[in-house]
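> Take a look at the following structure, please.
The values are calculated or read from the model by the stated rules, or taken from the named source; none is laboratory data. Given the structure is predicted, the values throughout are model-derived calculations rather than measurements. A quick note on method: Cβ atoms are made from the backbone with ideal geometry, for glycine too, and the neighbour counts reach across all protein chains shown.
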Amino acid sequence: MTNATTSRKGTAKAATTSAKRASNVKPATVLIVGAGFAGLGTAIRLQQAGIRNIVILERASAVGGTWRDNSYPGAACDIPSNLYSYSFDPNPDWSRSFSGSAEILSYIEAMVERFGLQQYIRFNQNVTDLSYDDDHGLWHASTEGGASFSGRVAVMAQGPLSNPGFPAIPGIEDFKGKTVHSAAWDHDYDFRGKRVGVIGTGASAIQIIPELAKQAGKLTVFQRTPAWVMPRPDFETPDWQKTLFRKVPASQSALRKGLYLAHESMALAVIWQSPVTRLAERLGRWHLRRQVKDRWLRRQLTPDYRIGCKRILVSNDYYPALQQPNSKLITWPIARISENGVRTVEGIEHQFDAIVYATGFEVSHSGTPFPVRGSAGRLLADDWARGAQAYKSINVAGYPNLFLTFGPNSGPGHNSALVYMESQIDYIVKGVKTILKRNLKALAVKDRAQDEYNAGIQKRLARTNWNSGCKSWYLTEDGFNATMYPGFATQYANQMSELELRDYTLITA
Ligand SMILES: Cc1cc2nc3c(=O)[nH]c(=O)nc-3n(C[C@H](O)[C@H](O)[C@H](O)COP(=O)(O)OP(=O)(O)OC[C@H]3O[C@@H](n4cnc5c(N)ncnc54)[C@H](O)[C@@H]3O)c2cc1C
């Protein structure tokens, strides 16, 4: 007997045990994991479709996901708020074009109130296992505290970027000073006058660095790869505009449409190599030249890869912050973390009171955040061992009645995540309505449909900037891209607009 067979049998047994444990719980129609934008948006749309038997399991004690956890100084969206919000819940009162984390969190909290979502949410329920029971056509979730929940449909909305990631640098435990991760900020720690090291120069880092530069006595930034940084058109919203949006909602929809189309056009620069890519690179180089006069620093900050290959950043104050007298950019690779600070490969130890890790998130390209067991106890982590795959990013063959938000190859590189999310949510609602209307025990995507879909996606990805040779969190170590969607948001929305039943096996209850 092979190890794989042993583990399959073991998981099948675990699935049965888990199912038994939960069998006395009255099932929900839809069980949602996560009370971030995606989980809450799904509940709203289900509710609007008349489906109210919903349970949302949230591991924290509050809603908000990304915007609850990322409260570091300077945290803000980098897609304009009028597009980074739900089209079905516009907010005329955004204070600026790119709102800060606290304001986005308030929007989410107000949304929970407005749509009466509190009744569905079970806080402090960290899902540790999700298992499908073939006999009853039910999903069972076990949580850390030993509770069990079940539902006819399960929605995994636990977030693509919800678990802070630390780099694999030797000695990371040895540092005796203060360690802070950008996604778990310690607001009680006083950075004023301190010697602070920041590891990472990605999307969170470039927001934190200008704020820390105002406070720290000495700020040292460790850069592995320079990013393409674009100017940020960030303005305060004038009062007349808020009034206009409130009185004439169509004006806000028109602005949203305009922003959407502007971002769609950026796909031409970000996703594929085109004349627009070169124009965008020119803009990036102009921004750098305009803000950084020192030639050597400029060289250190100039990317040597095609724009779009890694996430493009927007900031007006990152380059100036690096040039403040108390700031220093280090491009020597880090050898190890020591008791006192960071040692770089040329042998220098940089001593710090605090190290800030702006090093992103644990992004799983092949595993799952907790064990997910499908039909006959098959384990999703086994099925995804060679790279995550799904049908239209949302269903997986062998896992009936399971829907993923931000599943494989749904990542946007150029447009608002919420635009993609709305397409996914509407698809989920269609799926749930189909299950209820036809009284299905299982709505199960066919292997063939999933394989054909993925063959097409990987073929299209091969022609994108993401797969053009640079290293990024979009790719696995061996270069497989299970993260990004290789097309316009409009194409993604079109593919999600219809639930094509010929691609599914329908098993009646
Ligand atoms: C700092 C930052 C800035 C960003 N800015 C933008 C932007 O400007 N534009 C853009 O388009 N996108 C942006 N993103 C991407 C962002 O992740 C998405 O836009 C969006 O917030 C994701 O929402 P979500 O509901 O899918 O996930 P999340 O917001 O992460 O919510 C997931 C929820 O699930 C919960 N959860 C996780 N695991 C479990 C479990 N096992 N059991 C129970 N509950 C669980 C979490 O606690 C969390 O509340 C940003 C991300 C970060 C980190």
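> Applying the selection to region 144-178, what residues are in the same structural domain as residue 65 (by TED's automatic domain parsing), away from the ligand (no atom under 16 Å from the Cβ) and among the β-branched types (Val, Ile, Thr)?
Matches in region 144-178: 153 only.
> Go through region 327-376 and count every residue that is in a loop (DSSP other than H, G, I, E, B), in contact with an Asp or Glu (Cβ under 7 Å, 6 or more places away or on another chain) and assigned by TED's automatic domain parsing to the domain that holds residue 220.
4
> Given the criteria over 30 Å from residue 464 (Cα atoms) and surrounded by 14 or more Cβ atoms within 10 Å (Cβ to Cβ), does residue 252 qualify?
The answer is yes for residue 252.
> Residues being crowded, with 22+ Cβ neighbours inside 10 Å and in a helix (DSSP H, G or I): count how many of those fall in region 45-65.
So the count comes out to 1.
> Looking at this structure, is residue 76 at negative phi and without any contact (Cβ under 8 Å) to a residue 60 or more places away in the chain?
no
> I need the full set of residues from region 63-113 which are near the ligand (Cβ under 8 Å from one of its atoms), in contact with a helix residue (DSSP H, G or I) (Cβ under 8 Å, 6 or more places away or on another chain) and either among the acidic types (Asp, Glu) or closer than 16 Å to residue 43 by Cβ (or both), in order please.
Residues satisfying the conditions are 63, 64, 65.
> Would you check which residues across region 407-441 are at pLDDT below 95 and under 15 Å from residue 39 (Cβ atoms) and list them?
Scanning region 407-441 gives no hits.
> Read through the list (1) within 23 Å of residue 43 (Cβ to Cβ); (2) touching a Lys or Arg at 6+ places or on another chain (Cβ under 7 Å), then give the number of the only condition that residue 410 fails.
Every listed condition holds for residue 410 apart from (2).
> Pick out, from region 403-509, the helices (runs of 4 or more DSSP H) lying fully within it that include 2 or more residues that are of a type in the set (Ser, Thr, Tyr) and under 27 Å from residue 132 (Cβ atoms).
The qualifying helices (runs of 4 or more DSSP H) are 417-437.
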